[in-house]
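The values are calculated or read from the model by the stated rules, or taken from the named source; none is laboratory data. Every value quoted in this text rests on a predicted model; they were computed, and no experiment measured them. Don't worry about glycine lacking a Cβ; one is built from the backbone with ideal geometry, like all the others, and counts go over all protein chains shown.
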Amino acid sequence: MKDKTIQHYLTGQLLIAMPQMPDPRFAKTVIYLCAHTAEGAMGLVVNRRFDGIDFDELLEQLGIETPEGAADMRVHFGGPVESGRGFVLHTTDYVRENTLTVDDDVALTATIDILRAIAEGTGPRRSMLALGYAGWGPGQLDQELQNNGWLHAPASPDILFDADLDTKWERAMASLGVSLPMLSGEVGHA
């Protein structure tokens, strides 16, 4: 018989909000978990735009000169915690001293240098910029998972990095073979 407690940590996985998610900030969100340990969890929402600023305006505010023909980047809402703080989730072809390597394919960097590199065309092959993050205290995410608030799935580069934000939640659900009409919000397991 399987123990019903969460026995593993989900760093490098996607969290997919269940349809009945009670917190409107996370309704139909897909979150990439950058860290999940006994001390808590931290992740970035990968399917919501950050309204109010674009990449060029952000670079200007940071005093980063934008070269002619510079790369452009969408600014995402990474979560409700520290919404003025920026994070770049990216492929591991760009790793510097302050980069957190999440797994073999994905890393996280929160320095101005990566924004400068992206603007100059010398940054990572694939990336997404997020302002803010989603965070959980010790045991909080585990409890939310047990209460059927979230599903989790392996992360795919397309769900993490492609520009089609409107279908990421449905695609993440489909990656699990989940039929949306068949989902139940009832706590318990068969």
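For this structure, a couple of remarks:
- Residue within the range 122-144 that is farther than 23 Å from Asp54 by Cα and aliphatic (A, V, I, L, M) present: yes
- Each residue in the range 12-26 was checked for being under 14 Å from the mean Cα position of the chain (by Cα) and either buried (at least 18 other Cβ atoms within 10 Å of the Cβ) or under 10 Å from Trp169 (Cα atoms) (or both), and 6 of them qualify.
- Among residues of the range 140-153 being touching a residue at least 24 places away in the same chain (Cβ under 8 Å) and out of contact with any strand residue (DSSP E or B) (no Cβ under 6 Å at 6 or more places or on another chain), the one that is nearest to Gly40 (Cα to Cα) is Gln140.
- The range 155-166 residues that are surrounded by 12 or more Cβ atoms within 10 Å (Cβ to Cβ), paired with ones that are at pLDDT 90 or above and hydroxyl-bearing (Ser, Thr, Tyr) (beta carbon under 9 Å, 6 or more apart): Ala155/Tyr32; Ser156/Ser175; Pro157/Thr91; Ile159/Tyr32; Ile159/Ser175; Leu160/Tyr32; Phe161/Thr91; Phe161/Ser127
- Filtered residue count, the range 93-138, keeping only those that are closer than 24 Å to Gly40 by Cα, surrounded by fewer than 20 Cβ atoms within 10 Å (Cβ to Cβ) and without any contact (Cβ under 8 Å) to a residue 60 or more places away in the chain: 8
- Each residue in the range 106-126 was checked for being within 15 Å of Pro157 (Cβ to Cβ) and in contact with a Pro (Cβ under 7 Å, 6 or more places away or on another chain), and 1 pass.
- Residues being in a helix (DSSP H, G or I) and within 19 Å of Leu59 (Cβ to Cβ) are entirely absent from the range 122-143.
- Residue within the range 106-119 that is modelled with pLDDT of 90 or more, over 22 Å from Pro80 (Cα atoms), in a loop (DSSP other than H, G, I, E, B) and under 14 Å from the mean Cα position of the chain (by Cα) present: no
- Any hit, the range 45-58, residues being more than 28 Å from Gly139 (Cβ to Cβ), of a type in the set (Lys, Arg) and either assigned to a strand (DSSP E or B) or free of Cβ contacts under 8 Å to residues at least 24 places away in the same chain (or both): yes
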